[in-house]
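In what follows, a single structure is set out as structure tokens and then discussed.
The values are calculated or read from the model by the stated rules, or taken from the named source; none is laboratory data. The structure presented is a predicted model; accordingly, all values stated were derived computationally and were not measured. Don't worry about glycine lacking a Cβ; one is built from the backbone with ideal geometry, like all the others, and counts go over all protein chains shown. Calculation scope for accessible area: heavy atoms of the full protein, side chains included, ligands and nucleic acids excluded. Shrake-Rupley method; radii C 1.70, N 1.55, O 1.52, S 1.80 Å.
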Amino acid sequence: PSDALPLTHNDGNRSMLSMCYFTSGRFLLGRSFSQLSAAQLYDLSRTFPYHATSLSARPIDAFDAGIKYPRIYDFPISNSWHQLAFYNYDSTEQLISVVPGKSLNEGGLGLNFSKQYYVYDFWNDTFAGLLNGGQLLRQQVRAGETRVMSVHEKQAYPQFIATNRHILQGYLDLRDVEWMSNKKTLRGVSQKIVSGEMCKMVIACNGYEPVKCKTSTGMCTLVKQSNGLAVLQIKTSDHAENVKWEILFK
């Protein structure tokens with residue numbers, strides 16, 4: 001990790017970890033945990049466990065002219081949810097873009113032109129916007145950075161769009177997420193929350209207003225944002241705890 005470029009920023013280490021995850025199914029660590037800094041160990045923990053499904057990331061710009069290495073990787077979890085990686089292997093900042101609604105043969109993600117999609121940047125913990133399927137998703141990616149983003153189709157009810165627990169932002173760390181329209185409640189289970197660590201889940205409210213939250217164990221808080229998003233924060237003192245949670249809306 002200490003040799004990953006650029007040396008002056010943790011982008012290099014995060015990029016190494018991200019691309020190992022997106023392009024392989026195995027990770028060999030050259031140093032023991034005791035030799036890693038707290039920041040390096042935290043970033044490493046965001047990429048484990050590796051998933052055990054048959055899904056894999058597709059390098060959608062592999063045959064574009066002038067591309068030395070593929071820079072855009074699409075991990076399709078479902079028709080309405082993709083995980084996207086923009087990989088900048090260059091020593092200078094680069095503009096990387098894709099049109100989600102274009103077909104796979106045209107270098108897109110094969111999403112719907114007529115629908116809207118939430119985009120959330122994992123490592124930078126930043127909301128990247130609500131885009132139309134035919135709109136250009138453009139990112140100015142730092143030198144040596146891999147920008148990992150969740151892409152979720154906008155629903156007519158509150159929905160989660162990201163978590164801070166794992167690089168796939170919910171694919172491995174969330175289950176049984178459902179919207180109960182009769183109770184105006186979004187509920188689910190956060191899996192294997194790290195003891196003492198704040199687990200965060202980003203919620204797109206979609207016109208509803210979050211009122212309160214509750215969990216089966218530990219504590220939870222709701223942080224409302226001005227952009228129509230809210231963040232559910234869960235903290236528990238128990239090891240590897242699966243926490244049931246609910247958010248009531250009005």
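Note on the chain: dipole from Cβ charges, positive end direction compared against M149, S181, V119; the farthest Cα belongs to S181. Note on the chain: GNM, Cα springs under 10 Å; of P59, P49, P210, the largest mean-square fluctuation is that of P49.
For the chain, a/c is not less than 1.5, where a ≥ b ≥ c are the root eigenvalues of the C-alpha gyration tensor, and a/b does not top b/c. That puts it in the oblate class.
Solvent exposure of F33, expressed as accessible area, is near 130 Å², computed with a probe of 1.4 Å over the protein chains only. Remark: the chain carries a charge dipole of roughly 660 debye about the Cα centre, counting +1 on each Lys and Arg Cβ and -1 on each Asp and Glu Cβ.
Quick check: with the 1.4 Å probe, what order do C20, C199 take by accessible area, largest first?
Sorted descending by solvent-accessible area, the residues read C20, C199.
Taking 0.36 nm per residue of separation and subtracting the Cα-Cα distance, full extension of the segment from N124 to L95 would add 8.8 nm. For the range 1-127, a simple Cβ point-charge model (Lys and Arg +1, Asp and Glu -1, everything else neutral) yields a dipole of about 340 debye relative to the Cα centre. When only Cα pairs below 8 angstrom with a gap of at least 6 residues are kept, the range 3-102 shows a relative contact order of 17 percent. Less than 5 angstrom separates the built amide H of E145 from those of N88, all sequence-distant by 5 or more or on a different chain.
Per residue, how large is the accessible surface of the chain? Use a 1.4 angstrom probe and give square angstrom.
49
Applying 1/(1 + (r/R0)^6) with R0 = 25 Å to the Cβ-Cβ distance of D3 and S45 gives a FRET efficiency near 0.80. The Rg/Rh ratio of the range 8-121, with both radii computed over alpha carbons and Rh defined as the Kirkwood radius, is 0.99.
For the pairs K184/K235; K183/K212; K68/K115; K154/K192, note any where the Cα-Cα span goes beyond 21 Å.
Details: K184/K235 24 Å; K183/K212 13 Å; K68/K115 33 Å; K154/K192 27 Å.
In this structure, K184/K235; K68/K115; K154/K192 lie more than 21 Å apart at Cα.
Could you point to the residue in Y42, G196, P70 farthest towards the positive end of the chain's charge dipole, with +1 and -1 charges on the Cβ of Lys/Arg and Asp/Glu respectively? Checking the options against the dipole of the chain, the answer is G196. Solvent exposure of E106, expressed as accessible area, is near 120 Å², computed with a probe of 1.4 Å over the protein chains only.
With the charge dipole of the range 153-250 set up from +1 on Lys and Arg Cβ and -1 on Asp and Glu Cβ about the Cα centre, the Cα lying farthest toward the positive end among the listed residues N164, T236, V223 is that of V223.
Remark: accessible surface ordering of H51, H9 (largest first) is H9, H51, probe radius 1.4 Å.
You can think of it this way: the chain between S103 and M180 has 24.4 nm of extra reach, that is 0.36 nm per residue less the Cα-Cα gap. Taking the Cα centre of the range 165-242 as origin and assigning +1 to Lys and Arg Cβ atoms and -1 to Asp and Glu Cβ atoms, the resulting dipole is close to 220 debye. For the residues V231, V223, V194, a GNM of the chain with alpha-carbon springs under 10 Å puts the largest fluctuation on V223. Of the residues N132, N112, N79, the one that moves most in a GNM of the chain with alpha-carbon contacts below 10 Å is N79.
Tell me the carbon and sulfur percent of the accessible area for the chain, rounded to whole percent, probe radius 1.4 Å.
50
Based on alpha-carbon centroids, what's the gap between the range 153-175 and the range 210-250 in Å, whole number please? So the separation of the two Cα centres works out to 13 Å. Estimated at the nearest 10 Å², the accessible area of L55 is 50 Å² with a 1.4 Å probe.
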